[in-house]
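I have a structure I would like to understand better, so I am pasting it below and will then ask my questions one at a time.
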Amino acid sequence: MIDNDTSTGTGGFGEILVSSRSLGEYRAMFALTDDDLGRRILDCPGGAAGFTAEVSQRGGDVTACDIAYFDKGVDRVAATAVAEADRGNRYVREHADAYRWTFFADPADHHRARRESAEQFAAHTRSSPRRYVPGRLPALPFVDNSFDLVLSSHLLFSYADDLDYEFHRQAITELARVATTEVRLFPVVPIGSPGRYEQLEKLLAELSLAGISSRIMKVDYEFQAHADEMLVCEVAAQASGGRSAAV
Ligand SMILES: C[S@@+](CC[C@H](N)C(=O)[O-])C[C@H]1O[C@@H](n2cnc3c(N)ncnc32)[C@H](O)[C@@H]1O
């Protein structure tokens, strides 16, 4: 399980990447509709994604939350976002066979898109810093039911070598606590793995007992090979205090 910082070694990837996916990638990964984009959204972990900037420019209401904003300060995350996009692209080039080249035409296209997103993120953190809230799963700084839709990409399941089962259970319970209706997570395949997170069935059964029902949905996006499914957790909105934090 991750401790006080993000420097844990992970699945051969090195330090957890503060990556920068775009609205286009989020739309595809999470099967987001225009209606979804009109809801109050939490993106956790937000990393250096351009998603919050792009949806805000469309008039949407998105908050990004990440441990990196807390540890390093959002200004420093912004200053290093493009370098992180370069680091991520180096990994992708070195492991090009582990990726499907359909969403991105080739590694150069991936590099261009991620850098562009990192730049959008950096500019938006300067104009709208309050959209970027420091937070560390599995305990978020929001009251119950603060958001309609919670999105979580490329932390849970991705880094399963370093984040243990209990972290996954507590983190999803916490993401559900701050959502009125839905939490969507992508992908359900650890980095470098050919299949779903091994303890997924056990985890979903345990969440179900806690009142969080879930389903796996295939999406029209596969970049990491075999990673083309999202987990949708449905939660019934309760009065504040009805669902308690998992920590
Ligand atoms: C691979 S990035 C994903 C960012 C974004 N969702 C995207 O898809 O581009 C993983 C992020 O998880 C963040 N992170 C790691 N541990 C965390 C924790 N316990 N709570 C919140 N964020 C965490 C890292 O700082 C990093 O920005």
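Taking region 64-115, which residues are touching a Ser or Thr at 6+ places or on another chain (Cβ under 7 Å) and within 18 Å of MET29 (Cβ to Cβ)?
Within region 64-115, ALA64, ALA85, GLY88, ALA113, ARG114 qualify.
Looking at region 87-142 only, could you name the residues that are of a type in the set (S, T, N, Q) and farther than 23 Å from SER193 by Cα?
Hits for region 87-142 are SER117, GLN120, THR125, SER127, SER128.
Determine if region 39-52 includes at least one residue that is surrounded by fewer than 22 Cβ atoms within 10 Å (Cβ to Cβ) and acidic (Asp, Glu). Let's see the steps before the verdict.
Residues of region 39-52 surrounded by fewer than 22 Cβ atoms within 10 Å (Cβ to Cβ): 39-40.
Now narrow it down to the ones that are acidic (Asp, Glu): none.
Checking region 39-52: not a single residue is surrounded by fewer than 22 Cβ atoms within 10 Å (Cβ to Cβ) and acidic (Asp, Glu).
For region 93-121, give me the residue count where each residue is surrounded by fewer than 18 Cβ atoms within 10 Å (Cβ to Cβ) and of a type in the set (A, V, I, L, M, F, W, C).
Selection size over region 93-121: 6.
In addition: Return a yes/no flag: does region 31-39 have any residue that is in contact with a helix residue (DSSP H, G or I) (Cβ under 6 Å, 6 or more places away or on another chain), among the hydroxyl-bearing types (Ser, Thr, Tyr) and either near the ligand (Cβ under 8 Å from one of its atoms) or assigned to a loop (DSSP other than H, G, I, E, B) (or both).
No - not one qualifying residue is present in region 31-39.
Of the residues in region 147-185, how many are among the aromatic types (Phe, Trp, Tyr) and touching a Ser or Thr at 6+ places or on another chain (Cβ under 6 Å)?
First, the residues of region 147-185 that are among the aromatic types (Phe, Trp, Tyr): 147, 157, 159, 165, 167.
Next, only the ones that are touching a Ser or Thr at 6+ places or on another chain (Cβ under 6 Å) stay: 159.
The total comes to 1.
So which of ILE191, ILE212, ILE172 ends up being surrounded by 21 or more Cβ atoms within 10 Å (Cβ to Cβ) and more than 16 Å from the ligand (Cβ to nearest atom)?
Every option except ILE212 fails the conditions.
Quick check on region 122-138: of everything there that is open to solvent by 50 Å² or more (accessible area, probe 1.4 Å) and in a strand (DSSP E or B), which residue is farthest from the ligand (Cβ to nearest atom)?
PRO134
The values are calculated or read from the model by the stated rules, or taken from the named source; none is laboratory data. Quick caveat, the model's predicted, so the values are computed rather than measured. Cβ coordinates were reconstructed from backbone atoms using ideal geometry, including for glycine residues, and neighbour counts include every protein chain displayed. Accessible surface areas use protein heavy atoms only, side chains included; no ligands, DNA or RNA. Shrake-Rupley method; radii C 1.70, N 1.55, O 1.52, S 1.80 Å.
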